[in-house]
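The values are calculated or read from the model by the stated rules, or taken from the named source; none is laboratory data. Given the structure is predicted, the values throughout are model-derived calculations rather than measurements. A quick note on method: Cβ atoms are made from the backbone with ideal geometry, for glycine too, and the neighbour counts reach across all protein chains shown. Areas reflect the complete protein model, heavy atoms only, side chains present, ligands, DNA and RNA absent. Shrake-Rupley method; radii C 1.70, N 1.55, O 1.52, S 1.80 Å.
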Amino acid sequence: MQPTLRNLAVALVAGTFAFAAGAQDKAEKAPKKSESAAKKSSSSTPGAKVVVNGVTIPQSRVEAMNKELNAQGQPDNAERQTAVKEELVNREVLAQAALKRGLDKSPDVAAQMEMARQAVLVRALFENEIKANPITEADLQKQYEQFKSSMGTNEYKVRHILVDKEEDAKQIIADLNKGGDFAKIAKEKSKDPGSKDNGGDLDWGPSARYVKPFADAVQSQPKGKVSAAPVKTDFGYHVIVVDDVRPLKVPEYAEIKEQFRQRAQQQQIQKLVMDLRSKAKVEER
């Protein structure tokens with residue numbers, strides 16, 4: 001249960017500026033300056049523009065790169081600023097060389113540039129949507145309470161054997177009641193690949209992790225007893241043993257609040273996409 005609860009987080013948008021990691025790597029590998037030298041380096045020409053072959057590197061690029069590095073938690077210091085500047089100069093030099101060779105006229109390159117432009121716009125749209133419609137603390141608390149109540153009060157250590165036919169399940173129950181080895185029968189006959197090699201063991205978990213007929217059986221079945229009759233689900237027929245029961249410990253709200261926020265934001269973005277798509281006129285010509 002716990003890994004599932006703690007991994008609700010989902011990525012809203014894939015990809016970041018690739019140069020950010022490279023810039024930080026350069027900053028980390030750069031020779032360390034004395035404190036006085038660092039101050040001198042960082043303050044000698046404040047606000048100075050960098051011009052490459054007559055082309056000025058816009059301050060907006062510097063700010064964009066620094067924003068990405070800040071988001072990664074990288075420290076802002078003289079070494080990093082030097083690395084950022086060097087990276088931007090390198091990129092400008094290379095971009096100018098590509099333009100001189102006419103590579104921007106290549107259909108393949110032009111298509112990739114357009115896709116990159118779209119990706120930036122899409123990310124900006126998503127960020128704008130989330131900023132304009134923030135998820136409130138009340139929303140998160142409500143989701144947590146609903147989640148908490150759905151988990152129930154107990155978790156169960158369960159084993160099962162899954163087969164296709166009811167008569168096969170009944171025969172397994174009869175064999176177990178005569179002293180048959182549950183783990184051995186599970187390995188031989190269960191069709192559940194995730195548990196058969198472990199003797200049918202499903203480990204600890206709340207009843208909410210199972211489909212309803214299975215969950216109902218787990219909650220009502222006496223501990224240590226083989227199910228009196230096969231339990232039918234969409235997967236087939238189950239023979240169940242509940243080995244143990246213990247109180248369920250749900251993570252505290254503060255522990256998983258941000259995961260609920262990320263899930264809510266993902267749902268928010270999915271709704272935006274669906275709404276826009278439903279209004280779009282899409283044709284094939």
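State the Kirkwood hydrodynamic radius of segment 161-214 in Å, one decimal place, computed from all pairs of distinct Cα atoms. In segment 161-214 this quantity evaluates to 11.9 Å. Of the residues 172, 130, 116, the one whose Cα sits farthest toward the positive end of the charge dipole of segment 110-190, with +1 on the Cβ of Lys and Arg and -1 on the Cβ of Asp and Glu, is 172.
Only lysine pairs 8 or more places apart or on separate chains count here, and in segment 200-281 those with Cα atoms under 20 Å apart total 8.
If you roll a 1.4 Å probe over the heavy atoms of the protein chains, what accessible area per residue do you get for segment 196-266, in Å²? Can you show the working numbers first?
Working: 3730 Å² over 71 residues.
Each residue of segment 196-266 exposes 52 Å² on average to a 1.4 Å probe.
For residue 178, a cut-off of 19 angstrom between C-alpha atoms picks up these aspartates and glutamates, skipping any fewer than 8 places away in its own chain: 166, 167, 168, 188, 243. Can you tell me how segment 58-130 classifies by the Cα gyration tensor, rounded, prolate or oblate, using a/c under 1.5 as the rounded cut? Oblate is the answer for segment 58-130, as a/c is 1.5 or above yet b/c matches or exceeds a/b.
What translational D, rounded to a whole number of µm²/s, comes out for segment 204-285 from Stokes-Einstein when the hydrodynamic radius is the Kirkwood one over Cα pairs, at 37 °C and 0.692 mPa s? It would help to have the intermediate numbers written out before the result.
Numbers: Rh = 17.0 Å.
The calculation lands on 193 µm²/s.
For segment 130-285, dividing the convex hull volume of the Cα atoms by the residue count gives 174 Å³ per residue. If one puts a single equal scatterer on every Cα of segment 128-196 and applies the Debye formula without solvent, what log₁₀ I(q)/I(0) results at q = 0.14, 0.15, 0.24, 0.25 Å⁻¹? Debye output, listed in q order: -0.63, -0.66, -1.02, -1.06.
When the accessible area of segment 105-164 is split by element with a 1.4 Å probe, what percent falls to carbon and sulfur? Working shown, then result.
On the way: 2350 of 3950 Å².
For segment 105-164, the apolar C and S fraction of the accessible surface comes to 60 percent.
The label point for residue 72 and the one for residue 120, both projected 7 Å from the Cα toward the Cβ, are 1.9 nm apart.
Quick one: pull the percentage of alpha-carbon pairs in segment 93-212 with a separation above 20 Å. The calculated P(r) of segment 93-212 puts 70 percent of pairs beyond 20 Å.
Set the Förster radius R0 to 45 Å, insert the Cβ-Cβ distance between residue 229 and residue 254 as r into 1/(1 + (r/R0)^6), and round the FRET efficiency to 0.05. Provide the component values of the computation, followed by the final result.
Details: r = 44 Å, r/R0 = 0.97.
It comes to 0.55.
Packing, as the average of other Cβ atoms within 10 Å across residues, places the peptides 166-172, 155-161, 106-112 in the order 155-161, 166-172, 106-112, highest first.
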